[in-house]
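Below is one structure, written out as structure tokens, with a few remarks after it.
The values are calculated or read from the model by the stated rules, or taken from the named source; none is laboratory data. In this text, all values refer to a predicted model and were calculated from it rather than measured experimentally. As a convention, Cβ positions derive from the backbone with ideal geometry for all residues, glycine included, and neighbour counts pool all protein chains shown. Accessible surface is based on the protein model in full, side chains and every heavy atom, while ligands, DNA and RNA are left aside. Shrake-Rupley method; radii C 1.70, N 1.55, O 1.52, S 1.80 Å.
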Amino acid sequence: MADPEMTRLRQIIASQPPATEIAQMRIDADERAKAFVLPGDVTVQPVDANGVKAEWTSTPDADASSVILYLHGGGYVICSLQSHRHLVAEVGRAAGTRTLAIDYRLAPEHPFPAAVEDTVAAYRYLLDRGIRPERIALAGDSAGGGLVVGAMLAFREAGLPMPGCGWCISPWVDMEALGASFVDRAEADPTVQKATIEMMAQWYLGGADPRHPHAAPIYGDLRGLPPLLIQVGAVETLLDDSIALARKAGTADVPVELQIWPEMIHIWHIFFPMLSAGRRAIAAGGSFVRNGLRA
């Protein structure tokens with residue numbers, strides 16, 4: 001039986017045709033988030049994280065010794081602190097941590113590896129503040145979900161210690177959109193299509209190698225990375241990205257949990273105020289982070 005909340009959400013998405021110009025896409029992403037009011041117990045504090053615009057978010061029960069470094073999605077081209085603030089706050093609440101969300105530089109103005117560089121800078125900021133690496137989790141959705149793993153590879157190359165764990169929500173990890181799900185899930189997915197992924201990859205890469213591990217971590221050596229949770233919707237065109245990432249991690253002896261959620265669309269978590277499956281997925285991710293940061 002179809003999830004009635006998802007049926008309603010699909011109707012809402014269908015009534016909002018996507019823009020095609022980058023400027024309007026960015027405006028629309030921030031405007032849509034205004035429908036989700038931030039709870040009154042959430043504290044938000046802007047901060048400069050080693051030159052990267054960012055903000056701390058916390059709820060009353062947040063453990064000051066643990067942090068989720070959150071990386072928003074949007075194809076490396078759109079979205080912002082504003083578009084994801086309600087999701088970031090709820091992710092932190094579920095995990096019992098503070099969150100540091102970063103406003104990494106966007107393409108095409110700032111192509112690859114700008115987003116990776118900004119994530120490394122923000123991670124150094126946390127370490128410089130005395131936060132133990134095993135008390136830091138990386139989390140992100142879509143492009144941000146791929147950046148979770150790509151940035152970990154960059155941490156390793158920079159000689160930085162690994163964080164405690166990583167939570168990848170509907171991750172984008174293949175710049176070439178080679179997965180079969182781009183074809184067999186095309187009619188079912190109301191938000192992401194192959195042409196969009198190819199366009200955003202072109203804007204993001206700016207001529208860089210589409211198989212560079214920091215952009216497409218399925219081509220990297222993942223051995224030694226911390227435990228990963230990968231959550232993806234069953235109807236997503238990006239489904240095969242998650243499956244490929246889980247296989248790559250698992251065969252590199254990285255502890256990995258892959259969750260494929262029936263009926264769910266791309267980053268369904270962001271709709272948690274109106275979608276109980278979104279709340280359950282966030283709760284599952286929060287539990288994973290709590291366990292991962294117990295060291």
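So the values come out like this:
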quantity: Test for Glu176: is it open to solvent by 10 Å² or more (accessible area, probe 1.4 Å), touching an Asp or Glu at 6+ places or on another chain (Cβ under 9 Å), within 20 Å of Met200 (Cβ to Cβ) and not aromatic (Phe, Trp, Tyr); calculated: yes
quantity: Where a residue in the range 193-207 is under 11 Å from Leu178 (Cβ atoms) and touching a residue at least 60 places away in the same chain (Cβ under 8 Å) and its partner, wherever it lies, is of a type outside the set (Asp, Glu) and assigned to a helix (DSSP H, G or I), with Cβ under 8 Å and at least six apart; calculated: Ile197/Phe182
quantity: Test: Asp103 is buried (at least 20 other Cβ atoms within 10 Å of the Cβ), acidic (Asp, Glu) and in contact with a strand residue (DSSP E or B) (Cβ under 8 Å, 6 or more places away or on another chain); calculated: no
quantity: Among the candidates Asp41, Asp48, Asp63, residue that is surrounded by fewer than 16 Cβ atoms within 10 Å (Cβ to Cβ), charged (D, E, K, R) and closer than 21 Å to Gly164 by Cα; calculated: Asp63
quantity: Residue within the range 138-152 that is in contact with a helix residue (DSSP H, G or I) (Cβ under 7 Å, 6 or more places away or on another chain), open to solvent by 10 Å² or more (accessible area, probe 1.4 Å), more than 19 Å from Ser80 (Cα to Cα) and modelled with pLDDT of 95 or more present; calculated: no
quantity: Qualifying residue in the range 237-260 (condition: free of Cβ contacts under 8 Å to residues at least 40 places away in the same chain, open to solvent by 30 Å² or more (accessible area, probe 1.4 Å) and assigned to a loop (DSSP other than H, G, I, E, B)); calculated: yes
quantity: Condition check for Arg93: within 21 Å of Leu229 (Cβ to Cβ), open to solvent by 10 Å² or more (accessible area, probe 1.4 Å) and in a helix (DSSP H, G or I); calculated: yes
quantity: Hits in the range 42-83 (condition: out of contact with any Gly (no Cβ under 8 Å at 6 or more places or on another chain) and under 16 Å from Phe272 (Cβ atoms)); calculated: Val42
quantity: Residue within the range 121-136 that is assigned to a helix (DSSP H, G or I), open to solvent by 10 Å² or more (accessible area, probe 1.4 Å), acidic (Asp, Glu) and more than 16 Å from Ser65 (Cβ to Cβ) present; calculated: no
quantity: Filter pass, Ser58 being among the small types (Gly, Ala, Ser), surrounded by 13 or more Cβ atoms within 10 Å (Cβ to Cβ) and under 18 Å from the mean Cα position of the chain (by Cα); calculated: no
quantity: Criterion (touching a strand residue (DSSP E or B) at 6+ places or on another chain (Cβ under 8 Å), open to solvent by 20 Å² or more (accessible area, probe 1.4 Å) and either at positive phi or in contact (Cβ under 8 Å) with a residue 60 or more places away in the chain (or both)) met by exactly one of Pro227, Pro213; calculated: Pro227
quantity: Residue within the range 74-84 that is among the aromatic types (Phe, Trp, Tyr) and crowded, with 19+ Cβ neighbours inside 10 Å present; calculated: yes
quantity: Lone unmet requirement of (1) within 17 Å of Gly285 (Cβ to Cβ); (2) more than 13 Å from the chain's Cα centre (by Cα) for Gly146; calculated: (2)
quantity: The lone exception for Pro108 - which of (1) under 23 Å from Val232 (Cβ atoms); (2) touching a helix residue (DSSP H, G or I) at 6+ places or on another chain (Cβ under 9 Å) it fails; calculated: (1)
quantity: Any hit, the range 272-282, residues being touching a helix residue (DSSP H, G or I) at 6+ places or on another chain (Cβ under 8 Å) and aromatic (Phe, Trp, Tyr); calculated: yes
quantity: Some residue of the range 17-34 being part of a loop (DSSP other than H, G, I, E, B), open to solvent by 70 Å² or more (accessible area, probe 1.4 Å) and either within 25 Å of Pro262 (Cα to Cα) or in contact with an Asp or Glu (Cβ under 7 Å, 6 or more places away or on another chain) (or both); calculated: yes
